[in-house]
Amino acid sequence: WVFVNQIRTQESQQKRNATLQLQTLQSNFNPHFIYNSMSLIQSLIIGSETKKAIDVTARLAKLNRLFLSNSNKELIYLKDELDFIKEYVAMEKLRFESDTDFPFHIRINAKIRVTEWLIPPMILQPLIENAIKHGVLVSKGQAEIYIDIKLNHADELLMKIVNTHALRNKKRMHGLGIGNQLVSDRLAILNELYPNQFQTQF
């Protein structure tokens, strides 16, 4: 009994540690995004574009509210994650509209019930941010970003984030990059809490 109890205590401690690691990784929204958004609001106010400044401020407040609501949970409904992503992309479009615009679509299989599937929060945002940074902002033409969500099997959800522009001559970066690594690390921790439930491919 003592041996079994020690094993259970160890497992419980490992889960607590994994949960703390996960909370730490999820608690930080990209500070550069916040800084750039605040700079945009400041420049709009200076340029007397009051209506647009109010719109940007309201969107940033809603985005922050959604982030705070979602980030302290291990899993959230797919709908909540997609709502956050829509607000995030809308905010990014406001930031870059003077320079570039880009189509953004979410393609989702009709059989998928977005209020039933549970996924990790903030798992798509770093990937969308990468697609904007390394696709939209460096594209000479018009790049498109889309999320493709479908059922791989009845009990498996497959989500693909695609940027239609790629710099073919650019040397491939060694490693995953900060955003992709963040997603990979979080899913690795979640797999400690929910074994073999999550997988990524970059």
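Quick look at the values:
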quantity: Residue-span extension gain [LYS73 to LEU137] - 0.36 nm each, minus C-alpha spacing; calculated: 19.8 nm
quantity: Protection proxy ranking of 48-54, 101-107 - average other beta-carbon atoms within 10 Å, highest first; calculated: 101-107, 48-54
quantity: Under-5 Å amide H pairs with HIS165, H placed in peptide plane, nonlocal only; calculated: GLU144
quantity: Amide H within-cut-off set for MET122, under 5 Å, with H built and near neighbours excluded; calculated: none
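Only the coordinates and a few stated rules stand behind these numbers; no lab work does. Here the structure is a predicted model, which is why all the values come from computation and not from measurement. So basically every Cβ, Gly included, is an ideal-geometry build from the backbone, and we count neighbours across all protein chains shown.
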